[in-house]
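Report on the following structure.
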C-alpha cells in the first residue's frame, strides 16, 4: 500500500490520462545546443520517463529567432521535427508522456534581435528590445502556433506556452513593459489579448486531442505587476480559449526575491495556486521548491493543486517517482536547491548537470556498469568525494571499505548543513547513509587509518579523499586568542562575541557572516510566513504584483560584523551566478560592513589592524574568524606512498582551491565508474 495515494492517482484529461500527478517541470539544460544534443536529450528524458514521472515538460524552445534566449539557441522549425522525434519516441517507448515548452524570451533575450511590446530595456540583458509592430505581433502569434503544430507533428503529447517569469507574453500583460496604445495595449482586456490569441489559435491548429498547458504568472513580484483580479480574468480567458492545464509561474527573472533557491522554504508558493482553485475548471499545477514526496502529497491532500511540478529534483534523481511509489523515500537523492551545477552552469554557457548526481545530462557518457574484475578498495575520508566514489564503486560490485576519523560521514557537508538556508545538505547525507548500507560498503567511523593497517589488508587500490585543512594566513598575531577558524564557529566549539571581523569573503566567509547575523527567532528559509514577511510579499496576494507597498522585514544583525577581503574586486564575485545576489542582498540588509582591498597588518588586544586605501584602521572586535582559503589535507600521503598499493587522490585532497562539491562528487563518481 502506497504512502502517497494522491500523488500516484491518475489524472484523466480530455485527450489522455496521466498515470500520476507528478510533472517534470521545464529546465533548459544546454543539451539543446550541444553537438548530438537531441540524442543526449532523448536519453535524458527517457531516463526520467522510465523513472515513472507522469508528464515531462521540455526546456524552452523558441518559436522564432527573436525569441531566442541567446544566439542560436533552440528554435522549432520544420527541419528540426525529425530530430525532436528522437526525444518523443524515446519517451513513449519508456511509457512516458512529454510536452514541448514554447518560450519566447522577449526583452530577456541576450542578442540584438530582441523584441518586446514596448522599447523598454530589461535590467538583465544589455540589449534594448525592438517594439513589435502590429504586424509583428500577429506574425509572432503565428510563430507560436506553427511551433505547436510542428511539435504535434514531432510526436509530442502537447505544448506548454510560457506565459510567466517576465518573458514576452508576461511583458504584454503589465504596464511596466507594455506602453502600447493600440489593441494590444492600454486596458487589461487589450494587454491580455496576446496570450489569449496564442492559446485560441493554437487550439484551432492542433485540435482537441493535444495538451495545451498555459504557464500563468500568478505572482509577478514586481510592483507594477498584475493584480489578482487580472490574474483570475486571464486564467478564465485562457481556459475558454482551449488550455488543458494551467501551470503556476512565480516571479520575473529580474526580481530580487528568491523563488527557487535553498533560501526559499519548501512549497513556499503553493498558497498562490490554491487561491486560483475554484476560479477555473481545469487542473492547476503547483510549482517551486517542492523536492520531497511528503510535502508534495500534503499539497494535493490539502487541495492546494491538482498536479505537482518538480524540475531540479529530476536532475538529482530520475527514479524519484519509482522510489516513492515503492515507499523507498530514503533512497531518493534529494535536490538541495543549490543551483551550482544546473542553473549556474547554464548561465555560464555550460551543460547543466547536478551537484548530487553527476550523471544528469551525461546519461550517454557517464555510465555505471558492473566491474569486469572485483577489487578490494580502501577509501580514506567520507566527505563528498569519498562518499561518491565509495557508493559508485560498491554499485559496480567492488568491495569497499570507507574510513572516516569523525563520528559521522559528510566532511565539509556537516558544516554546510548548519548554515541558514543550507539545511538541505542533511538530505544528501541521509541519502549516502542509506545507500552505503544498501550496497554493502563497510563504513568505519571514528577511525584514523594508518599505513601499517592498510598494508595488512592487501587492498588493490587506496583512494585518498581526506579533504582540506583551513589555510592560516601569515599575519602578525595570528595565534591571538581572539582568532578562531570557521570550523570552530560553525561546529559551535567556540562562541563568538558581539563584534567580529571575518578575514576572507569567499563562499565560506559569506556563510559565516550569514550564520553570525542570523536572527534566532526568524527562519525565512524554513517558515513560509517568515519568508513572505522577510522579503516583503503580500500573503494574500492582493497587492499589485504581490509586493506593491509591502515593506520587507527589518533584519539588521544583532552583531557588528565586518566582512573583509584583500582583493579590490566586487565582494562575492565568485559566488554562484544565480544565488550570489541573494547572499549579497541579505548581508546588505543585515548591515554587514563589507570592505574590499584591505591589507592585514597585525592582530593584538586592540583588534585587527589593517590598511584601507593607504589609511591605517583598527577594528576593535572581540573575535576574528579566519576564512582565508584551504589547503589539501595530504598528511597521510607520504606514509601510504611507501606501500606497493596504487594511491589515487580525489576531492579537496587533490585540489583544495575554492571548495567545490560539484567537482569533488563528479571526480569521485567518474573515477569509480572506470576503476
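The values are calculated or read from the model by the stated rules, or taken from the named source; none is laboratory data. In this text, all values refer to a predicted model and were calculated from it rather than measured experimentally. In this analysis, Cβ positions are derived from the backbone assuming ideal geometry, glycine residues included, and neighbour counts consider all displayed protein chains.
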Across (1) surrounded by 23 or more Cβ atoms within 10 Å (Cβ to Cβ); (2) not in a helix (DSSP H, G or I), residue 265 clears everything bar (1)
Restricting region 135-191 to residues that are over 30 Å from residue 548 (Cβ atoms) and not in a helix (DSSP H, G or I), which is nearest to the chain's Cα centre (by Cα)?
159
Positions within region 503-516 being more than 17 Å from residue 261 (Cβ to Cβ) and out of contact with any helix residue (DSSP H, G or I) (no Cβ under 7 Å at 6 or more places or on another chain), in sequence order
503, 504, 505, 506, 509, 516
Go through region 390-486 and tell me which helices (runs of 4 or more DSSP H), entirely inside it, have 3 or more residues that are assigned by TED's automatic domain parsing to the domain that holds residue 641 and out of contact with any helix residue (DSSP H, G or I) (no Cβ under 9 Å at 6 or more places or on another chain).
451-457
Filter pass, residue 370 being within 30 Å of residue 645 (Cβ to Cβ) and buried (at least 22 other Cβ atoms within 10 Å of the Cβ):
no
Specify the residue that is nearest to the chain's Cα centre (by Cα); the eligible residues are those in region 435-454 that are more than 30 Å from residue 323 (Cβ to Cβ) and surrounded by 15 or more Cβ atoms within 10 Å (Cβ to Cβ).
447
For the list (1) in contact with a helix residue (DSSP H, G or I) (Cβ under 9 Å, 6 or more places away or on another chain); (2) on the phi < 0 side of the Ramachandran plot; (3) surrounded by 15 or more Cβ atoms within 10 Å (Cβ to Cβ), I need the number of the one condition that residue 641 fails.
(3)
Selected residue (criterion: surrounded by the most Cβ atoms within 10 Å (Cβ to Cβ)) from residues of region 602-614 that are farther than 21 Å from residue 516 by Cβ and within 40 Å of the chain's Cα centre (by Cα)
609
Looking at this structure, is residue 305 more than 13 Å from the chain's Cα centre (by Cα), surrounded by 24 or more Cβ atoms within 10 Å (Cβ to Cβ) and in contact (Cβ under 8 Å) with a residue 40 or more places away in the chain?
yes
Going through region 109-134 in order, the residues found to be within 14 Å of residue 174 (Cβ to Cβ) and not in a loop (DSSP other than H, G, I, E, B) are 116
From 665, 624, which residue is crowded, with 20+ Cβ neighbours inside 10 Å, in contact (Cβ under 8 Å) with a residue 40 or more places away in the chain and in contact with a helix residue (DSSP H, G or I) (Cβ under 6 Å, 6 or more places away or on another chain)?
665
Run residue 58 past the list (1) farther than 25 Å from residue 140 by Cα; (2) under 23 Å from the mean Cα position of the chain (by Cα) and report the number of the one that doesn't hold.
(1)
If you take the residues of region 330-355 that are part of a helix (DSSP H, G or I) and touching a helix residue (DSSP H, G or I) at 6+ places or on another chain (Cβ under 6 Å), which of them is surrounded by the fewest Cβ atoms within 10 Å (Cβ to Cβ)?
330
Tell me whether region 499-522 contains one or more residues that are farther than 26 Å from residue 574 by Cα, under 23 Å from the mean Cα position of the chain (by Cα) and without any contact (Cβ under 8 Å) to a residue 24 or more places away in the chain.
no
When (1) closer than 25 Å to residue 206 by Cβ; (2) part of a helix (DSSP H, G or I); (3) in contact with a helix residue (DSSP H, G or I) (Cβ under 6 Å, 6 or more places away or on another chain) are applied to residue 32, the one that fails is (3)
Counting only residues that are touching a strand residue (DSSP E or B) at 6+ places or on another chain (Cβ under 9 Å) and closer than 27 Å to residue 123 by Cα, how many does region 560-602 have?
12
Given the criteria in a helix (DSSP H, G or I), assigned by TED's automatic domain parsing to the domain that holds residue 284 and touching a residue at least 12 places away in the same chain (Cβ under 8 Å), does residue 83 qualify?
yes
Conditions first: (1) assigned to a helix (DSSP H, G or I); (2) under 22 Å from residue 18 (Cα atoms). Residue 305 passes all but one, so which condition is the exception?
(1)
The number of residues in region 371-389 that are within 24 Å of the chain's Cα centre (by Cα) and assigned to a loop (DSSP other than H, G, I, E, B) is 1
Take the residues of region 396-408 that are surrounded by 21 or more Cβ atoms within 10 Å (Cβ to Cβ) and more than 26 Å from residue 367 (Cβ to Cβ): which is nearest to the chain's Cα centre (by Cα)?
404
Looking only at region 617-675, count every residue that is assigned to a helix (DSSP H, G or I), farther than 16 Å from residue 386 by Cα and out of contact with any strand residue (DSSP E or B) (no Cβ under 7 Å at 6 or more places or on another chain) and tell me the total.
2
Kindly indicate which of 66, 49 is under 24 Å from the mean Cα position of the chain (by Cα) and in a helix (DSSP H, G or I).
49
Per-region count, region 144-165, residues out of contact with any strand residue (DSSP E or B) (no Cβ under 9 Å at 6 or more places or on another chain) and either outside the structural domain of residue 58 (by TED's automatic domain parsing) or over 20 Å from residue 98 (Cα atoms) (or both):
0
Which of (1) in a loop (DSSP other than H, G, I, E, B); (2) modelled with pLDDT of 95 or more; (3) assigned by TED's automatic domain parsing to the domain that holds residue 398 is the odd one out, the single condition residue 497 does not satisfy?
(3)
Which of (1) on the phi < 0 side of the Ramachandran plot; (2) in contact (Cβ under 8 Å) with a residue 12 or more places away in the chain; (3) outside the structural domain of residue 431 (by TED's automatic domain parsing) does residue 326 not meet, given it meets every other one?
(2)
Quick one: is residue 201 over 33 Å from the mean Cα position of the chain (by Cα) and under 18 Å from residue 62 (Cα atoms)?
yes
